[in-house]
Amino acid sequence: MTGSDEGAPGESMRDFYERMYPKLMARAYMMCGSRQDAEDVVQDAFVAVLPRWAQYSSYETPEAVVHRAMVQRVWKMRQRRARWLGRLKDVVPPEAVWDPQISAETSEVLEALRELPLRQRAVLVLHALAGFSSQEIADELEISVDTVRTHKYRGREKLKCMLGMEGRDADRPEFLPSVPAMALSMLPPNTDQGGEDAAEAAVRRAGEELHRRFEADHTARERMLAALEAVAARQARPAEAEE
């Protein structure tokens, strides 16, 4: 987890929520492809850490706990939706509805990300926006480092193609499907260093804009906070009754 995510030891749950809400919402939004889904997984992630917050708040990086909870819920949600759509062959998934105030560039990036397989999307978001290394992404998604690098490479090239960027191997439609995963896993391990890839730069800019939008959306943030406080109050009542 990058240093910019870190707060003070013993931070209150409310302060932690206020600090992490825009970060998690921006990342979840880019992974889920819809704001409603993003709100659901982020709220569920915060609910998951509430019962043991006294313990988590003493951790050096409590951010890692809620971040992993969010990523796991994104993955489970997409799996459930895939199974549901598989049973209903004639149902067309709803189109994403982006905030009309989001810039055209960010909307284009979000639409392109939505076309990628979830793991490619997650790898790009975690690397470009969260600043995770390949090893950290592997730990977060519970996959191998070679698999991370494969998804990162393929995702970058597909995204460049969809965004009309120059100088990409994906200009040749036959390129990506013909390259074995084993060959991609043997690429030199320099994807975490050097200049920023053009596709990931676009993802980063889109994520930064979303972060600013969610940070400024006080109504949505307070609405979720109220829901979390209601959950915390319900969880506290049994403990009080026992006393």
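Among all positions in region 121-128, there is at least one residue which is surrounded by 15 or more Cβ atoms within 10 Å (Cβ to Cβ), at pLDDT 90 or above and not hydrophobic (A, V, I, L, M, F, W, C). Inspection of region 40-49 identifies no residue that is surrounded by fewer than 21 Cβ atoms within 10 Å (Cβ to Cβ), modelled with pLDDT of 95 or more and within 19 Å of residue 129 (Cβ to Cβ).
Tell me, yes or no, whether region 89-103 has at least one residue that is surrounded by fewer than 16 Cβ atoms within 10 Å (Cβ to Cβ), out of contact with any His (no Cβ under 8 Å at 6 or more places or on another chain), at pLDDT 90 or above and hydroxyl-bearing (Ser, Thr, Tyr). Yes, that holds for at least one residue. Cβ contacts < 8 Å: first residue closer than 21 Å to residue 107 by Cα, restricted to region 35-53; second residue of a type in the set (Lys, Arg) and not in a helix (DSSP H, G or I), any location; separation 6+ or different chain. Result? If the second residue must be of a type in the set (Lys, Arg) and not in a helix (DSSP H, G or I), no pairs are left.
Taken over region 1-39, the criterion of being in contact with a His (Cβ under 9 Å, 6 or more places away or on another chain) and either modelled with pLDDT of 95 or more or surrounded by 20 or more Cβ atoms within 10 Å (Cβ to Cβ) (or both) is satisfied by 20, 22, 23, 24, 25, 26, 27.
If you take the residues in region 51-69 that are farther than 19 Å from residue 220 by Cβ and hydrophobic (A, V, I, L, M, F, W, C), which one is surrounded by the fewest Cβ atoms within 10 Å (Cβ to Cβ)? Result: 54.
The values are calculated or read from the model by the stated rules, or taken from the named source; none is laboratory data. Because the structure is a prediction, the values reported are computed rather than measured. Ideal geometry is used to build each Cβ from the backbone, glycine not excepted, and the neighbour counts take in all protein chains shown.
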